[in-house]
Amino acid sequence: MSGIPYDFYCRWRARGRERAGEEVSLHEEASPPERWMQQIWRHQRLRRMELCCLDGRRVRVLHPGFWNREPGPDFRDAVLQFGDGGLVTGDVEIDLQTAGWFGHGHAVNPAYARVVLQVVWEPGGRVVERAVLPMAPFLDCPLDDMAPWLEEEAAIRVPPTTPGRCCGPLRRQSPDRVISLLEQAARARLERKVDEFRSRGRTLGWGPVLWEGVFAALGYKHNVWSMRRLAELLPSAPSGNEVAAWESRLLGLAGLLPTELPRGPAGEFVRSRWDHWWRERTTWDQAVLPASVWRLAGLRPANHPQRRLALAARWLALGHWAERVEQFFLEDTGVRGRLARWVALLAPAGGAEAGSPDAFWLNHWTLRSRWRAGPLPWIGPSRATDLAVNAVLPWLLARATSGDLAGGDPGVRARLEQSWMEWPAGQDNADLRFARRRLWGGVPAGIRWTAARQQGLLQVRHDFCLAAGSLCSGCRFPVLVDALEQSEAGSCGTGP
Ligand code: SF4
């Protein structure tokens, strides 16, 4: 993304890739490594509405399955639809060519008996007796454009959380220098997010990619994919501004409307949603998500997808939610209190009178939970931060850098970047704890955390820790950090 200044961190990343011999020269005829194909499938970087098997059948991916790092098929429990048939649940195997099915021994291995789709880069060799999807013709952008992102995603291996070799060098750095490092890493991460929104936005349109990002953020952390799938269906939904209709449609499509009515007021509310959904259901019959795609165990009621979808329904019913959030970020100039104002903007206004659609949700977390004294909040600061940092601001920046927002005014871009950099820290999580433990053996002193610095920490983890393994094998980060110590800030890119 132009406009974001780089310094030493980006040079570190580029140099690390060169030294690791990972820079791949891609030609149109080249096949990518299988691990890249896994990431393309996992993140569905495909023109999903056009997917077509080698036998000519259309295939729709309602869920790509759960990535399997153990022996066996690459993805478990995918949910697919072939042609106009019913939904099929089964495993997905990724191979470079159809011949891999026999060459890798899958044909005689019972662990592969549930495979319903083989995804190949291109057809080749003996034909298998199952659905085969070629991946190359359906990428959502050219493979060359996707390559840097793929290199990062495919490098992921998870080491345990013992302190790493960079602990000593990092502890010797002043807090200011650590902050500078984290913020540069954060900019690299922001650039990656913006690139992704921009390349998808150009293909799918800015509105649909915003909703994809928003729904994915609402699905954090275990239901991201299922929520994204619902977002994909929005463009074909009838427009309208009735909250109850949107809410019924989203809950119905998600398969989250209980078929057995709960007792009491919840039962009356669910019945009212079924009254809407019955009328539309046959139109959407093939699109309804099966229960198996939702991960609900251990979820706090406030994070339940039913509640998140009820909130999204209110945003959709507004009809101009995207313009509203755009206006917020273009006009809100005060750092102080910005998160509170953002949370307030995201909370639907009013509507709590008896009989209104909101009356139920203000006293119930989910469609099955008991009455609580309310009003229960719609969204808290941590989810609102996630929405701003991972979806709305990168989306606005993608538009700004494409000239679609404020005529590409560099001042607007700078302001949006500044908002992203200044955003208050989000909720701590296992990934951040992992990174702190690896890099500092605990909590580093003297760092005031912001969301961007958290993102920078995640980027360091991504770029260095996840590829290096538990013994930090071959990781150059400690040497690079040591070089920082010895050089003046700003000339650090000349280190080893
Ligand atoms: S892999 Fe590298 S960055 Fe990660 S803890 Fe080890 S030395 Fe530090």
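Please treat every number below as a calculation from the coordinates, not as lab data. No experiment lies behind these values; they were computed from the predicted model shown. Please note: Cβ atoms are built from the backbone with ideal geometry, for glycine as well, and neighbour counts cover all protein chains shown.
Given all pairs of different Cα atoms, what value in angstroms does the Kirkwood hydrodynamic radius of the stretch 313-409 take? The partial results should precede the final answer.
Numbers: mean 1/r = 0.0654 Å⁻¹.
For the stretch 313-409, the Kirkwood estimate is 15.3 Å.
Farthest towards the positive end of the charge dipole of the stretch 225-284, among the residues 243, 266, 284, is the Cα of 284, using unit charges on the Cβ of Lys, Arg, Asp and Glu.
Of all beta bridges that DSSP places with both ends in the stretch 34-143, some 60 percent have antiparallel geometry.
In order along the stretch 69-82, phi translates into HN-Hα couplings of 8, 8, x, x, x, 5, 9, 9, 6, 6, 10, 10, 9, 9 Hz, rounded to whole numbers, per the Karplus curve 6.51 cos²θ - 1.76 cosθ + 1.60 with θ = phi - 60° and x for Gly and Pro. Taking amide H as placed 1.01 Å from N in the peptide plane, the amide H of residue 52 sits under 5 Å from that of 59, each at least 5 places away or on another chain. For the pair residue 109 and residue 48 in one chain, pulling the backbone fully straight at 0.36 nm per residue adds 19.0 nm over the alpha carbon distance. Our estimate of slack between residue 349 and residue 447, defined as 0.36 nm per intervening residue step minus the Cα-Cα distance, is 31.6 nm.
Dividing the summed helix terms, -39500 (n - 2.57) for each DSSP H run of n ≥ 4, by the number of residues in the chain produces a 222 nm estimate of -14000 deg cm²/dmol to the nearest 500.
Secondary structure note: in the chain, about 60% of the DSSP beta bridges are antiparallel. Give the calculated FRET efficiency between residue 224 and residue 332 to the nearest 0.05, with a Förster radius of 22 Å applied to their Cβ-Cβ distance. The pair residue 224/residue 332 has a calculated efficiency of 0.20. The calculated Kirkwood hydrodynamic radius for the stretch 34-143 is 13.7 Å, given to one decimal from all distinct C-alpha pairs.
Once the gyration tensor of the Cα atoms in the stretch 335-476 is diagonalised, the equivalent ellipsoid follows with semi-axes of 35, 24, 13 Å, ordered largest first.
Using the alpha-carbon positions of the chain, Rg (one decimal) and Dmax (whole number) come out as 23.9, 70 Å.
A cut-off of 5 Å between modelled amide H atoms, ignoring neighbours fewer than 5 places along the same chain, links residue 65 with 79. Computing FRET efficiency as 1/(1 + (r/R0)^6) for residue 402 and residue 263, where r is the C-beta to C-beta distance and R0 is 60 Å, gives about 0.70. Working from label points 7 Å from Cα in the Cα-to-Cβ sense, the residue 473 to residue 281 distance is 5.5 nm. Inter-label distance, residue 369 to residue 292: 2.9 nm, where each label sits 7 Å from its Cα along the C-beta direction.
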